[in-house]
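This report concerns only the one structure given below.
The values are calculated or read from the model by the stated rules, or taken from the named source; none is laboratory data. Quick caveat: nothing in here was measured; it's all calculated off a predicted structure. Positions of Cβ are backbone-derived with ideal geometry, glycine not excepted, and every protein chain shown enters the neighbour counts.
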């Protein structure tokens with residue numbers, strides 16, 4: 001996560017430096033000098049490229065994307081794809097949990113329930129779990145990104161994301177198991193794993209032909225992709241040691257490698 005933040009900061013710094021230089025060039029140009037000298041009332045004051053960029057490069061949207069079993073959070077800038085960033089949930093899951101919970105807390109009145117329901121749906125899609133009706137929770141370090149998104153979409157300060165070290169929970173892993181409904185998700189993973197094992201055994205015993213095997217593998221992989229999109233990708237310290245996501249992906253990769261050779 002730190003590497004992503006450093007890269008994002010460097011990219012912003014470079015672009016904004018260019019924007020500043022461009023604005024200074026425009027302000028000190030001969031054209032503007034003669035305008036100020038000969039045009040009554042001309043002040044030369046207008047929105048600078050730097051100011052425009054400062055507003056438009058903010059995170060306007062956050063979406064969860066899946067590609068070949070890899071899941072990312074894509075930060076979509078209002079300024080265009082150059083400022084878009086991707087955060088790998090796989091990489092976040094590899095890191096040791098820092099012990100902080102990220103809470104999204106909101107106070108949206110019943111009259112604005114459409115906005116409230118859209119926000120709840122959005123948070124669920126991003127991997128936040130509902131702890132209470134107006135409190136959603138995640139272990140991932142995304143406070144700055146979420147708050148920037150909330151401000152850009154004029155939801156702040158009715159909605160705010162903050163960090164908390166203590167939330168009155170002694171067993172954090174047990175709490176995560178319940179609030180993220182991991183029992184149900186694990187059962188679905190194990191069902192795919194079981195179906196995959198049976199399918200591989202049948203193919204090895206030549207009970208099914210190659211074409212049928214490939215078609216069924218595609219169907220199972222689609223089921224796996226859907227589960228991966230539900231997966232909160234908890235970091236080390238919260239995710240169970242025997243969590244089946246990576247084990248199943250490895251099996252699919254072995255099948256792919258087998259047919260590539």
query = Which ones in region 244-261 are free of Cβ contacts under 8 Å to residues at least 40 places away in the same chain and under 17 Å from residue 222 (Cβ atoms)?
reply = 253, 256
ask   = Here are some conditions: (1) touching a strand residue (DSSP E or B) at 6+ places or on another chain (Cβ under 6 Å); (2) in contact (Cβ under 8 Å) with a residue 40 or more places away in the chain; (3) in a helix (DSSP H, G or I). Residue 147 meets all but one. Which one does it not meet?
value = (2)
query = Counting only residues that are part of a helix (DSSP H, G or I) and either at pLDDT 85 or above or surrounded by fewer than 13 Cβ atoms within 10 Å (Cβ to Cβ) (or both), how many does region 73-115 have?
reply = 14
ask   = How many of the residues in region 127-140 are crowded, with 20+ Cβ neighbours inside 10 Å and closer than 19 Å to residue 63 by Cβ?
value = 5
key: Matching option when the condition is in a helix (DSSP H, G or I) and over 19 Å from residue 124 (Cα atoms), among 207, 188, 250   = 250
ask   = Taking region 245-257 only, how many residues are surrounded by fewer than 17 Cβ atoms within 10 Å (Cβ to Cβ) and under 28 Å from residue 101 (Cα atoms)?
value = 2
key: Failed item in (1) without any contact (Cβ under 8 Å) to a residue 24 or more places away in the chain; (2) closer than 30 Å to residue 109 by Cβ, with residue 171 passing the rest   = (2)
remark   = Exactly one of 226, 187 is surrounded by fewer than 14 Cβ atoms within 10 Å (Cβ to Cβ), at pLDDT 95 or above, out of contact with any helix residue (DSSP H, G or I) (no Cβ under 7 Å at 6 or more places or on another chain) and under 23 Å from residue 94 (Cα atoms), and that residue is 187
ask   = Does any residue of region 199-210 turn out to be under 19 Å from residue 248 (Cβ atoms), buried (at least 17 other Cβ atoms within 10 Å of the Cβ) and in contact with a helix residue (DSSP H, G or I) (Cβ under 6 Å, 6 or more places away or on another chain)?
value = yes
